[in-house]
Structure formats: structure tokens, C-alpha cells
Amino acid sequence: MKGFRAALVAALLAVPLAAMQTASTYQERDFLTRVRRLTIEGRRAGEGYWSPDGKRLVFQSEREPGNPFYQIYVLDLGTGDTKRISPGIGKTTCAFFRPNSDEIEFASTHADPKSKQLQEDELAFRASGKERRYAWDYDPEMDIYAYSEKTGAMKRLTTARGYDAEGSYSPDGQWIVFTSMRDAYNRPLDDKEKKKLAEDPSYFAEIYIMRADGSGQARLTTVAGYDGGPFFTQNGKRIVWRRFDESGLIADVWTMNPDGSDQKQITDFGSMSWAPYMHPSGEYFLFASNKLGFENFEIFMVDAQGAKEPVRVTYSDGFDGLPVPSPDGKQLAWTSSRSGGSAGQLFLAQWNHEKALDALKNAPPRKPSKKS
Amino acid sequence: MNHQRRDDVRTQNSQNSQKRILSAVSAVSALIVVAVVGLFAPVDAQTSKTRAHVQALASDRLEGRLAGSNGERLAGDYIVSQLQQIGAKPLPGQRDFRLPFEFTAGTKDGGSRISVQLKPDTTDARTSPPSVASGFSRTFESDVRALSFSDNGDVDGTVVFAGYGIVVPDSQDFGYDSYATLDVKDKIVVVLRYFPEDADQKTRSMLARYADLRYKAMAARQRGAKAMLVVTGPRSPNAGELVPMTFDTALAGSGLVAVSISGNVGGAIFRGADKTLEEAQKALDSANPHVAGFTIAGVNVHVHAAVEREKKTGHNIVAYLPATEPIGTTPKPWVAVGAHYDHLGHGEAGNTLAGKDDAGKIHYGADDNASGSAAVLAVASTLAGQPRKRNVLVALWSGEELGLIGSNAFADKKPVPLDQLAAYLNFDMVGRMQDNKLSVQATGTSPAWGRILEQANIAAGFDLQLQADPYQPTDVATFNGASVPSLSFFTGTHADYHKPSDTADKIDYEDLDRVVDFAAAIVRRIEDTADAPQFTKVDQQMQSGGGRAGVRIFTGTIPDYATDAKGLLLSGVIGGGPAEQAGLQKGDVIVEIAGQTIANIYDYTYALEVLKIGQPAKVIYMRDGKRRETTLTPAARK
């Protein structure tokens, strides 16, 4: 019995030791230094995207007096000044600077006559002291607008019933790739689909593309389950997005051509892997995954072809996600709840690209997840 | 940083050890950080805004800058010369940068005496030689020493032996009261030091909690005794020895003459009894609650108790940079920056964490708080070269380590009306940054801080750790108490905290300079804003209670530790706490709570023992010289 026991102990030890070896190879400070919290005002903030010159960030934040929902703000990293560019009414999300232009796109519900009432309802709910799990409600009144910084005018780009949001421009500024749930409203649904729409409208979310003026809207994906969060790669030749399975629990990073062809799975990580964004070097994607625990999102990176296992980037409690490298590739903006509480705020750090390349080179080949 | 605060003085030891553990942890992480710090270009000593200040203030010559010491004076000289160089002025109406305040720095015996007179009609058959059997009188001087909290005075009377003089409150359901069968009104009580020697562990741990001499004195006084004599029993450690005079930062007397007497004197007194002191002690040492004390009918005692409280003078150093344009109608036309420059000297005030090897050495206090002082000077220097719409008050406090004495003295005297301050920024331990983390405390004091900090930090780039709580063990608490929107900067504790090893070579000057730039940017934003930040009162985040088992009571009082007032003088009440709800406020003096008279903070701490969570207790207090009454309902510490 003694011998058996010793063997068992050795076997038990083997697993953690192996895990420790991979875990101890890199730490957060290998990739991220001078970590800092960028946003403080307001209840939460996130989704920070860089201006093409790297001097500003556009982000969403719940800080508008009297409005409990996200509005869109532009932050000048030189002066520290912040300016709201969205209407102040209703919900907004997912802004993006248009390259070679003075425009910024974002999604907003301000055209919905119920907007003010929804704000007041939400404020009353919060004042009641009740808490609910944070959940994005995929408001079907959400449409995409282009805001002109010169004139302050807003141009509506989508009109379809259903959530239109999560837009981003191509590097030449001529195209917008976005997410829409219009498929749930523009055709008759069977009973199963109706039930799905009530429970989880994101099931109907698909990737679409349009010209920067809103013309030529075309659907790129047709697979059931939430396809969302699309961005062009640095050279504009591919689109990277996340694809959920039908259960809505497992997601992976995919890429495709801008016409929807050649859809290719980059990660097979057996977890919720989402919010992918390509580093400007074109060498790798950064994304968020709850691989290490359902509520513990961390940032990972994976080589552009998805040949290797993803490499962990952040090592902090709480949520770390929505990573967006600066245009020069030397900084990383992301959303994190590391400063406490459940609400995220925008963070910024120096990004060590060379160390990232090393780590990706040393990563083991991609293992298929058990599920697939 | 000062760690003696809040309303349960008895928790301090456990807090200290907690800090020690924390410090050990941070020492390990400090080793890891070295690699990160190395990534950034080292700062040239010539270009650092703060290095010369820290090195000057944390030098040998200044001997740890104990409030009221020569080192404090020399530190003040340095600070004044720097303020003059910057072009700062003494406050309006003041001729000097130094604003003195008086405080009690220590106690010593001032010639206490005791006379023991055996009554002529008493026969002392057992011990005395036949020649003095019919009368005995002897005066002792070297065999008596006042306890540090004794009242001064002369007392004459008969003596009651009250055993160990221990009273366990009824709330403990323990049933031990040395006075249960005794009438000590207008008598002099003799009590044994410590607690029953032979009791089992559980009993000892219960009795030990009520064996503090302060507590014994309160018990004696509340039963009407005129004086308490403490003797170290022959069966106890240090048998027959006097109790050392300890430095006692809580300054008020106990309302009772209280002295310790030697075994000699004890023996002399027991000549008037029918058993020896040793026999009496032995009977008590099993902690049988039914063994009672007794009157010692055969002697008369006269006690003269004299405690000299050593008064010293500390100096705040306060200057200002006048606005560069007419103030006009600007609301709250002052912004204040401050840091304490005093530290622990050689550790003589008792709040050192030095180990045996380091005891008595200079506590350099480079991080605590030469770093904050340097930051204030550097911020002032930066602001001096820029246009200002508000006056900038520049304060270097003393007496912080002894209980925020300096800043409280300033807040009492108000050379500048505190309601004219748009904001106060405090710096306490800002020289040991780790992983780019800067704690900003007291952010709950104004809704304006979120935006101001966000904007200023875009350029500064710290990983800010925000804490809303303004009830911090540093001078920011004083200003929060005066309803001034405040912030306090802090880079975290470390293994050298309150030890001689807190030296200037360990300061991270590059990041200290970044704190200076950050704070200067914040001050500029406050200077420029037309509307002063609004003050928000923060409800106390109740701390998990440590220390005495059974004390989980929260009253929300902030005692003034540095007062001679009889009773418990409140230097403030915690927002939303039971004291505030009871209508108590800063300046009130609590003299009785739940039927127990309160002469000082120790009495108050003991009185907390009898309070029950959620059960209203009558509080009698003095306000404007009038006796008032209210009802306070203690809450639970969370």
C-alpha cells in the first residue's frame, strides 16, 4: 500500500508541476508595463478604440448625468480632456474612428421615442437598491450613425429593425463591418426561433458589411449562434470576429474575407473567446477568454494563422477584455475590472511586442478542444 | 503615518502586527519590482525635484524629527529656508512660518510620598518587634511611584485590601468582582498588580483583559475610593517592584490618586492586617470568586501623588503662495497641500516597530514622511512659477505620529478659516511606489474628484488605487472632519515602516517626482475651476474589529487623544455612525455612558465593554460648559 500511495502522490503532483512550468514562463509584466487606469469618472467605461494617429481614444462610459446608459466620449491623451460626441439620450455603444476622415461611427438608440422613459426606468430601478447581473440587452432600436467632428452632424447609416451595432471601419475608411440581428425581424420565425428571440436575441446576430455611407449592406455569415464583434485586420484583407456556438456559451475567434468567403477558425479554445483584434504588425490577434473560469476573463493572444495554442497576457482578478493595441503597436488599451467592483474601466499599458512574439513562437501547437 | 486612532485604542497592537505581516509580504514583492523599475531611465540626482529634500530631512542630524525635539527644530529650519527660496509667504496675519502648539510629551514622577501609620491601639503580634508594637509610622519616598495616569494630590485615610482589584463586566457573564462584598467609599484601596497567578488558562485570559491598571483605577474610582495603591505581590513576577512610569499619549488623568508601592510598603501596610500580603495573595490566586478582600483596620495611610506631565512645543510650518490675480468673488479662494514632517525620533514615543537589534536607533522616516514633505515642497515650487487664481496653502505638520496633533491644532486655531479651503491634498508615505500603483484616499469627499483625477492621470499615467474612505490614519482625517474636500496620496506600506531602516536610499525618486507632477496638475485644476469642489460626507466603512474579544461595538466617535480634558473629548464623529445619529459632535466631552463615568479615553474603552449592540445607552456630555444628555445606540462593527 505504501508504494501505491507514493505513486499516486507523484501522479497528482505531475499535473500541477506541468501547469506551473507553463504558467511561470511569462507574467503579465512581461507584456504589459506601466499599467494604468484611464477612466475614473462614472460607473463604468470600456471599448476604447484608437484614433488613427494614436493621440486619442473613443470609448463608451456611463457618466452622463441623468442617463444611466453608455454614451460615447473622445479622450485626448495629450491634455486629458474628454468630450461627449453622442447625443446624450438613450443607449450607445461601439464607436470607431473613420480613417482619413473626421467621422466617428457608433450605435445609438436616441431615435427611439421611448429612450427617455427607459433611462428613467433604469434610474428608478437602480435607486431601489436592487442589483441585477450586468447584461447587454441588444436593444432592437440600436442603429449605426456616423458623427462628423467638424460639423457635429450625425448621419444615420442603418434603419433595419433589430440591433445594428459593433461597427468598425476598414483601414482605408471606405467600409464598415458590423453586427446585426435584423434576421430575427425581416422574415417569419418558426416557434423554436420565436422562443429563441425571447430568450436570447443574440442567437440571430450575424456579420454584415456596408459602405461608409451606409449603402450596399450585405450579410457575410449564416451560421446559427451569435456572430459578432467584427474588425478588419491591419491590412484590410480579412475580417476577424467571434463566433458563438448555438448554446451561447462557447465562442471562438474566426477570420474571413471581406466578402464572407474562406471562413477560418483561428482558436479552438473550448471557452468563451471573443473580442479579437489584430496587432498592427499583422502577426497575432489579441482576444479575451474565460478559459480560466467562467467569470474570470483574461486577455490572450494567438498567432494570425491559429497554428499554436493561445498565450495568456493578463494575470489579474476580475474581467480583462476588449484589448485594442495602439496604431504603433506599442500600447494596449483594454477594459478591466481589476481596480475592484464588477464594473469595468478603461486601462492602458505599454505593450512589449518583442516579448509577445517570443511567447507566441514558444507556444505549443494548437490542441483541438475536447468539444470539437 | 500614524496608527493610533479610532475609538478602540485597545485594538492597536493587533493592527500593528497586522501591518507587520503586510510589510513582510510587501518586502517580497518589492524584490520582484526591482526588475520593473530598472526598465525606466534612472533619474539624475541633479534633476530630481525631491531627492535633496528627502536626503536632508532623513539625515542623521535631524535624528528622526520627533515632535518637540531638536531634530524637529532643525527639520523646520530646512523647510523654512526652502519655503523662503520658493517665495512662499507666512500666512496672512502671521509673521512667522512656524505655528507652535503645545502637547504633552511624557510623564515622570514629581516626588510622590507615602506614610503608613500603625494605629496605637493595634497590636501587631506576628511580625513587628515588641518595641514598636504599640505604634509605628514611616514615610517612604523611593518605595512609591505615581502611575502615569494618577491625579496629583494628597489623600489620607483607612485602607481596604481589594484583592486583584478586578471587575469583569456583567456582560461577560463571568462573575468576578473584587469589590463584591467591600465598601471602599472614601477609602484607600490596595490592590495587587496583574491577575490571579494560579488560575486556569481560560480564567486567566478572561481576567487578564480587565487587569490593566487603567481599568483597575476606573473600577476603584467608580466605587468611591479616594486612592488606589498597587503592589506587585510576592507570588507574582517582579515581586515587590514598582510599576515603571510609562509614556502615556492619552493625557487625561484617571480622576483618582493612583500609585504603585514596593513590597516594603505593602508589608508595612499589612502589619495592620491579621495575615501577611503573601497569605492574602495565595488565597486569591486560584481565582475563586468568593475569596473577598478586607479592611485593614490597623493602619492609616497618607499618600502624596505627583505626576509631572512634560509639556513640549511642536511646530507646524505653514506658508502660502498668494493668488496671482485678484481673488474677487472666487468661492473658497484657498487650495491646501500638506504633509507631516515629524517622525518617531529614536522610537521613544512607543510607536516604533523596531526589533530588539534596532531599538533606540534613529528612525529616519524617509518614506514616513520625508517623502511627503519633499512632495509638498516640490509641488509648491512648481506652483510658484505659474499663475494662480486661488491662494495655495502649503503646510508641513508636526505631531502627526503622536495622534494628528499638529493638524488638529491648526484646525482648532484656524489661521485660515477652513471653510475657505476649496480642497486639501495630503501626502503621507509616497516614496515607495510598487508596480506603478498610487493609492488615492478620501476620494469620497467630493463628486468632483472622479473627473479631476481622470484628467490629471492621463498625463501622469499611474495605476490609481482609489479609496473613498477619508477616515485614514493621517492628517487628511483632520480636514475631512472640517468638511474640506480632500485627497491623500500613499504608495503603500513596506517592511521598513516605523523602523530605523526607513532610509533615504530606499526611496524611488523618479516615481516620487511623478506624484509631484500629478498633484501639481490636480491643484492647478482646482485653482482654475470657478466652482469649488462640493464636499460629500462619507459614511464610515466599518472596519472589522480586531483586538479585544467581545468588542464588536461601533459607536462612531473619534476621540481626541491629545487633551487634558476630563472626560472623552471628541475630535469628530464618523459620518452616519451612532454618535452622529445621537447628535454628538466635534468638541463634545462625554462624561458618562451607560451609567459609567468617563474620565478619559481608557474609561471610555472599558465602558464600551458593557454596551450592547442595538441597545440604547444614555450618554451624558458637556457642550459649551453645559451638561447634556442623549441616547446612543451602538452598532456592530462589520
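The values are calculated or read from the model by the stated rules, or taken from the named source; none is laboratory data. Not measured: the values here are computed from a predicted model. Neighbour counts run over all protein chains shown; Cβ positions are idealised from the backbone, glycine included.
State whether one or more residues within segment A:84-98 are within 22 Å of the chain's Cα centre (by Cα), at negative phi and within 14 Å of chain B (Cβ to nearest Cβ). Within segment A:84-98, one or more residues are within 22 Å of the chain's Cα centre (by Cα), at negative phi and within 14 Å of chain B (Cβ to nearest Cβ). Annotation note: of B:456, B:448, the sole residue that is closer than 14 Å to residue B:514 by Cα, within 10 Å of chain A (Cβ to nearest Cβ), small (Gly, Ala, Ser) and in contact (Cβ under 8 Å) with a residue 60 or more places away in the chain is B:456. Within segment A:56-66, the set of residues being among the polar types (S, T, N, Q) and closer than 18 Å to residue B:448 by Cα comprises just one member, A:61. One residue alone among B:450, B:444, B:406 is of a type in the set (Gly, Ala, Ser) and either closer than 21 Å to residue B:333 by Cβ or under 19 Å from the mean Cα position of the chain (by Cα) (or both), and that residue is B:406. On inspection, residue A:112 qualifies as part of a loop (DSSP other than H, G, I, E, B), on the phi < 0 side of the Ramachandran plot and surrounded by 12 or more Cβ atoms within 10 Å (Cβ to Cβ). Residues that are among the small types (Gly, Ala, Ser) and more than 16 Å from residue B:53 (Cβ to Cβ) within segment B:390-404 comprise B:398, B:399, B:403, listed in sequence order. Of everything in segment A:57-83 that is in a strand (DSSP E or B) and surrounded by fewer than 19 Cβ atoms within 10 Å (Cβ to Cβ), the residue that is farthest from the other protein chains (Cβ to nearest Cβ) is A:83.
Of all the criteria given as (1) at negative phi; (2) at pLDDT below 90, the one not satisfied by residue A:77 is (2). Looking at segment B:527-535, can you tell me whether even one residue there is assigned to a helix (DSSP H, G or I) and within 22 Å of residue A:80 (Cα to Cα)? Yes - at least one qualifying residue is present in segment B:527-535. Scanning segment A:165-196 for residues that are in a loop (DSSP other than H, G, I, E, B) and at negative phi returns A:170, A:171, A:172, A:174, A:181, A:185, A:186, A:187, A:188, A:189, A:190.
When residue B:562 is tested against (1) within 30 Å of residue B:632 (Cβ to Cβ); (2) within 20 Å of the chain's Cα centre (by Cα); (3) modelled with pLDDT under 95; (4) not assigned by TED's automatic domain parsing to the domain that holds residue B:601, just one condition goes unmet, and that condition is (4). Consider segment B:186-236 and keep the residues that are at pLDDT 85 or above and of a type in the set (Val, Ile, Thr). The one that is surrounded by the fewest Cβ atoms within 10 Å (Cβ to Cβ) is B:232. Reported count of residues in segment B:464-480, each being of a type outside the set (A, V, I, L, M, F, W, C), in contact with a Phe, Trp or Tyr (Cβ under 9 Å, 6 or more places away or on another chain) and crowded, with 21+ Cβ neighbours inside 10 Å, is 6. The listed residues are B:567, B:577, B:587, and the only one of them that is free of Cβ contacts under 8 Å to residues at least 40 places away in the same chain and among the small types (Gly, Ala, Ser) turns out to be B:587.
Take residue B:178 and decide whether it is in contact with a Ser or Thr (Cβ under 6 Å, 6 or more places away or on another chain), in contact (Cβ under 8 Å) with a residue 60 or more places away in the chain and not hydrophobic (A, V, I, L, M, F, W, C). No, not satisfied.
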